[in-house]
1. Among the residues of region 68-96 satisfying the criterion of being in contact (Cβ under 8 Å) with a residue 40 or more places away in the chain and closer than 14 Å to residue 131 by Cβ, which is surrounded by the fewest Cβ atoms within 10 Å (Cβ to Cβ)?
2. Please tell me if residue 52 is at pLDDT 95 or above and either on the phi > 0 side of the Ramachandran plot or loosely packed, with under 14 Cβ neighbours inside 10 Å (or both).
3. Of all residues in region 423-449, count the ones that are touching a residue at least 60 places away in the same chain (Cβ under 8 Å) and in contact with a helix residue (DSSP H, G or I) (Cβ under 7 Å, 6 or more places away or on another chain).
4. What about residue 362, is it farther than 14 Å from residue 330 by Cα, at pLDDT below 95 and either within 20 Å of the chain's Cα centre (by Cα) or part of a helix (DSSP H, G or I) (or both)?
5. Somewhere in region 317-340, is a residue surrounded by fewer than 22 Cβ atoms within 10 Å (Cβ to Cβ), touching a residue at least 60 places away in the same chain (Cβ under 8 Å) and over 23 Å from residue 398 (Cα atoms)?
6. I'd like to know if region 106-113 contains one or more residues that are in contact with a helix residue (DSSP H, G or I) (Cβ under 8 Å, 6 or more places away or on another chain), in a strand (DSSP E or B), surrounded by 17 or more Cβ atoms within 10 Å (Cβ to Cβ) and without any contact (Cβ under 8 Å) to a residue 60 or more places away in the chain.
7. Taking the stated definitions as given, is residue 176 surrounded by 21 or more Cβ atoms within 10 Å (Cβ to Cβ), more than 18 Å from residue 115 (Cα to Cα) and in contact with a strand residue (DSSP E or B) (Cβ under 6 Å, 6 or more places away or on another chain)?
């Protein structure tokens, strides 16, 4: 859609005013449950004899009945090249297991306690780089019986009843809390983000340490609540995931796909996959509808109209979500943005949102290599490379950042949050270290399980040697990142300055 310049100016001024007013009242997270703050803990010590696991955290017990869990990485001999992943004996990607929870606020939980919930589940190792870690991440899909004939929804650890869950085992993240902390804070800022709960896991009778049970991203009244798809209709609400394209089904041939706009190097190309509607409803008509919808937006963003101010993207995008998402991911230096684990959703009645957020394991300098606390990562990446050419959008980002730094993204709030999580986890940190503490000596780990030093550095300089050091490193980077952004956030205006955008108008 194109507008005359005079009318456009009025629209943009109104957009700025409305968005700022909305920001003042949105993202309060009033209903968000922060386990470390809201869960009741036992009032006094437990009277047990200490002969088994005794914890204030919920317990998840998993029994594979002697089966190997599929999903381990298969590599070519003597090579780091991934050939595939292990499967069950019958070739299936998942096995049927029994999963039980021991939960309930305000009381001690023991390894042998009667289960609160017990169910069959499809089970496998999940993740990308995390598959290389000895502490695995798992996908859990609850089913009605051992034949997996139907899904079963349960309100595990107090979250909304559902059948699909992710069990995150922090390993590279020695603080144990990045996903927990930033899912919660993101929900306070943006609205829905997957709910998360700390727990301790026992697999086939063996203690596995501290885990985080996470909601997965899917359409559901407790998750991404969209208008239900009406079978036979060519139009639909949808959820999309942008990730590294690896041959998965239901990749759409949208504008940035066939123009290679999201190709980062010869081996890394990102594509958009449809997660909702479900597979059985993804007819040619529905895929075509979604593909045209996304492509129409992208053509507007990648045209010179956005540079000249003639593309009315506010009629297509939920601008607030794009602003909040940018502020969060830039503050966290989350290098996955518009490469992998980037989600979008659109209700057929509304505009396109970016989010929900997903996978914060590597944020705040927790990559396999060190990242600087200085510099902007995303003003020229993916769709943001186009949105940041628009001055009203950039000014919304700057204003929102300044506002959040006075509250939920302030140093004081974040430091207290970290300290409160540590206090809540308590002795569970030491129990986790009894199993995985050997990893504080990085020489015990392979190159896919630790950070590699730059020339002149040692392993000890880039890998924390204790839980305390891991937390301190995260805090230091977070403070440095905030300070740098406080001093340079106005520099984002360079990306929409006429000297930067003039050449794009000539294209």
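The values are calculated or read from the model by the stated rules, or taken from the named source; none is laboratory data. If you're wondering where the values come from, they're calculated on a predicted model, not measured in any experiment. Neighbour counts are summed over all protein chains in view; Cβ atoms, including those assigned to glycine, are modelled from backbone coordinates with ideal geometry.
1. Within region 68-96, the match that is surrounded by the fewest Cβ atoms within 10 Å (Cβ to Cβ) is 80.
2. Here the answer is yes, as residue 52 does meet what is asked.
3. So the answer is 4.
4. Taking the combined requirement at face value, the residue does not satisfy it.
5. Taking every residue of region 317-340 in turn, at least one turns out to be surrounded by fewer than 22 Cβ atoms within 10 Å (Cβ to Cβ), touching a residue at least 60 places away in the same chain (Cβ under 8 Å) and over 23 Å from residue 398 (Cα atoms).
6. For region 106-113, residues in contact with a helix residue (DSSP H, G or I) (Cβ under 8 Å, 6 or more places away or on another chain), in a strand (DSSP E or B), surrounded by 17 or more Cβ atoms within 10 Å (Cβ to Cβ) and without any contact (Cβ under 8 Å) to a residue 60 or more places away in the chain: absent.
7. yes
Here is a yes/no grid of residues against (1) without any contact (Cβ under 8 Å) to a residue 24 or more places away in the chain; (2) farther than 15 Å from residue 215 by Cα; (3) assigned to a strand (DSSP E or B); (4) within 22 Å of the chain's Cα centre (by Cα):
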residue	(1), (2), (3), (4)
134	no, yes, no, yes
138	no, no, yes, yes
142	no, no, yes, yes
145	no, yes, no, no
148	no, yes, no, no
167	no, no, yes, yes
171	no, yes, no, yes
176	no, yes, no, yes
